[in-house]
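Accompanying notes for the structure given below.
The values are calculated or read from the model by the stated rules, or taken from the named source; none is laboratory data. Keep in mind that this is a model prediction, so the values were computed, not measured. All Cβ positions, glycine included, derive from the backbone under ideal geometry; neighbour counts span all protein chains shown.
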Amino acid sequence: MDLTSRKLVDRSFTGLGWFSILLMAAALVILLAPIVVRGLGAFVFKGTVEHRKLQFEVFGHGRAGAVDAETAEVTEARQPVYDMLAAFEAELESADFASRRKHAGPLRELKDHLRRLLGPLPAEDAPVLMREQYGQTRWDRAQMALNHLLLIETYDYSDPTQMGRKILTPRVEDFKGTSLEPLFAYVEDNASAMLKPRWTLYWRFLFDSSHDAHFFGGIWPELLGTIYLTLGAILFAVPLGVISAIYLVEYTEEGSRLVGLLRTCINTLAGVPSIVYGLFGLAFFINSLHVSQSKSVLAGALTLGILVLPFVIRSAEEAIRAVPQTYKEAALSLGVGKWRAITTVILPAALPGILTGTVISMGRAAGETAPIIFTAAVSVGQPLSFLQTFSEPTPALPWNIYNLCSEHEAVDEIRHVQYGMVFTLVMLVLLLNSGAILLRARITKRMRG
């Protein structure tokens with residue numbers, strides 16, 4: 001190949017490489033942008049007075065004086081609504097049967113929507129569920145509840161060739177000419193005064209426990225469970241992986257059938273679907289070895305350790321092979337034994353590559369869902385102490401993300417929690433991978449002097 005053709009081919013490959021990098025970057029931006037934007041909504045949002053009341057009464061956050069002052073202000077703003085309701089109910093008591101029957105259903109629906117927006121009505125018994133003890137804690141959800149209060153949503157299916165057409169009817173039409181008619185205009189004009197929204201930085205989302213099936217609170221049990229599982233998997237996988245890599249590189253003969261079989265098994269394990277590891281963990285660690293009576297962090301960590309073990313072996317093996325042979329020869333020439341040369345010369349030189357593979361394995365272990373479904377994860381739980389990890393299951397970010405998005409009874413009402421969990425998990429994996437890069441660079445620089 002002449003020089004001109006070689007330069008053309010080199011430029012073509014360079015351009016193709018840059019195009020691939022830009023394409024990957026664009027895909028990451030498209031994927032991560034909505035996760036970041038909506039995930040930050042779990043931490044930064046317009047919180048209402050109900051949110052501040054909840055934080056003080058349930059978690060003890062905030063100042064009693066400030067919460068009491070705000071509560072008094074919103075109670076004053078809400079009082080006209082309650083007065084109009086009381087006046088209308090008094091009118092119904094003296095009205096004829098037809099009028100009472102006509103307004104009974106609409107009034108019941110109106111009161112339900114008011115409870116969702118503002119919380120329990122005066123003189124009502126305290127509800128059992130926490131979600132019914134407070135009004136809307138977020139302004140975006142409050143605006144949706146306000147729309148449902150002001151408008152009745154129906155669908156027109158008269159045209160069989162088309163999907164149902166949404167029709168919005170003002171709810172005030174059900175109360176035309178009654179003393180309750182002014183209520184709707186008042187609520188629409190004074191919603192802000194009745195809920196007092198203001199921007200809130202809820203950094204405790206990471207460290208508060210969840211309440212009422214994630215309607216309130218944070219994700220600390222899930223975050224702590226993920227950390228337990230990840231660290232447990234690495235503590236199990238790294239020693240086995242490094243020792244296996246040392247054996248394959250230093251104590252076996254290249255080309256032997258045993259080594260070929262072992263490498264085939266390692267490569268096969270690396271490609272096994274993760275759900276198979278979950279079933280294996282259930283059958284082996286729980287049902288056969290009885291490391292715990294049922295699901296536990298220990299069983300899940302061991303299963304994740306088996307999952308990442310092939311990757312740890314291969315990364316450690318490549319790191320050891322990358323150490324120049326002269327390092328080993330120089331150590332042996334000084335009269336040290338083979339094992340001492342490995343532990344004092346070869347492993348320290350291979351440490352950057354081993355650490356990189358370890359941290360990247362941590363990122364994979366943190367994001368796996370299928371292996372912990374059968375071995376460690378539960379939908380709801382409290383933060384575990386260290387000793388409880390040997391016998392108790394735990395919530396975890398990957399499993400709870402799936403569970404909240406697919407099986408929760410109020411999926412739309414906790415979207416901010418779902419995106420907050422995804423954002424936290426993505427940031428955790430990115431931090432681990434970034435940490436691997438920085439740690440490798442720092443160790444390499446220190447070793448070079």
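Couple of notes before you dig in:
- Restricting attention to region 25-56, the residues that are assigned to a helix (DSSP H, G or I), farther than 11 Å from TYR202 by Cα and of a type outside the set (D, E, K, R) total 17.
- Residue within region 399-417 that is at pLDDT below 95, of a type in the set (S, T, N, Q), surrounded by fewer than 16 Cβ atoms within 10 Å (Cβ to Cβ) and more than 15 Å from the chain's Cα centre (by Cα) present: no
- Filter pass, ARG340 being of a type in the set (Lys, Arg), within 21 Å of the chain's Cα centre (by Cα) and over 30 Å from PHE280 (Cα atoms): no
- Filter pass, GLU253 being loosely packed, with under 13 Cβ neighbours inside 10 Å and either modelled with pLDDT under 95 or within 29 Å of GLY225 (Cα to Cα) (or both): yes
- Residues that are among the hydrophobic types (A, V, I, L, M, F, W, C) and either within 14 Å of THR178 (Cβ to Cβ) or touching a Pro at 6+ places or on another chain (Cβ under 8 Å) (or both), drawn from region 99-137: ALA104, LEU107, LEU110, ALA126
- The residue pairs whose first member lies in region 86-115 and is over 19 Å from GLU132 (Cα atoms) and in contact (Cβ under 8 Å) with a residue 12 or more places away in the chain, whose second member is of a type in the set (A, V, I, L, M) and surrounded by 14 or more Cβ atoms within 10 Å (Cβ to Cβ), and whose beta carbons are closer than 7 Å, counting only pairs six or more residues apart or on different chains, are PHE88/LEU180; HIS103/LEU92.
- Of all residues in region 183-236 being surrounded by fewer than 21 Cβ atoms within 10 Å (Cβ to Cβ), of a type in the set (A, V, I, L, M) and within 20 Å of LEU150 (Cβ to Cβ), the one that is nearest to the chain's Cα centre (by Cα): ALA193
- Conditions (1) over 24 Å from PHE43 (Cα atoms); (2) surrounded by fewer than 16 Cβ atoms within 10 Å (Cβ to Cβ); (3) of a type in the set (Gly, Ala, Ser); number of the one not met by ALA349: (2)
- Looking at LYS46, LYS7, just one residue is under 23 Å from LEU117 (Cβ atoms) and basic (Lys, Arg), and that residue is LYS46.
- Enumeration of residues in region 266-294 that are assigned to a helix (DSSP H, G or I) and in contact with a helix residue (DSSP H, G or I) (Cβ under 6 Å, 6 or more places away or on another chain): ILE266, LEU269, ALA270, SER274, ILE275, TYR277, GLY278, GLY281, PHE285, ILE286
- Selection from region 57-85 of residues that are within 25 Å of PHE175 (Cα to Cα) and either in contact with an Asp or Glu (Cβ under 6 Å, 6 or more places away or on another chain) or assigned to a loop (DSSP other than H, G, I, E, B) (or both): none
- The lone exception for ALA237 - which of (1) over 21 Å from THR375 (Cβ atoms); (2) assigned to a helix (DSSP H, G or I) it fails: (1)
- Of the criteria (1) in contact (Cβ under 8 Å) with a residue 24 or more places away in the chain; (2) more than 38 Å from the chain's Cα centre (by Cα); (3) outside any helix (DSSP H, G or I), which one LEU121 fails: (2)
- Region 4-58, residues that are among the polar types (S, T, N, Q) and within 30 Å of TRP220 (Cβ to Cβ): THR48, GLN55
- Any hit, region 37-53, residues being aromatic (Phe, Trp, Tyr) and under 25 Å from the mean Cα position of the chain (by Cα): yes
- Among helices (runs of 4 or more DSSP H) entirely within region 330-449, having at least 3 residues that are touching a Ser or Thr at 6+ places or on another chain (Cβ under 8 Å) and under 29 Å from TYR277 (Cα atoms) singles out 347-367, 370-373, 397-406, 415-448.
- Restricting PHE386, PHE390 to those that are modelled with pLDDT of 90 or more, surrounded by fewer than 22 Cβ atoms within 10 Å (Cβ to Cβ) and more than 26 Å from ALA436 (Cβ to Cβ) reduces the list to PHE390.
Yes/no per residue for (1) without any contact (Cβ under 8 Å) to a residue 60 or more places away in the chain; (2) of a type outside the set (Ser, Thr, Tyr); (3) within 30 Å of GLN133 (Cβ to Cβ); (4) surrounded by 11 or more Cβ atoms within 10 Å (Cβ to Cβ):
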{"site": "SER5", "(1), (2), (3), (4)": "yes, no, no, no"}
{"site": "THR14", "(1), (2), (3), (4)": "yes, no, no, no"}
{"site": "ILE21", "(1), (2), (3), (4)": "yes, yes, no, no"}
{"site": "ALA25", "(1), (2), (3), (4)": "yes, yes, no, no"}
{"site": "LEU32", "(1), (2), (3), (4)": "no, yes, no, yes"}
{"site": "VAL37", "(1), (2), (3), (4)": "yes, yes, no, yes"}
{"site": "VAL44", "(1), (2), (3), (4)": "no, yes, yes, yes"}
{"site": "GLU70", "(1), (2), (3), (4)": "no, yes, yes, yes"}
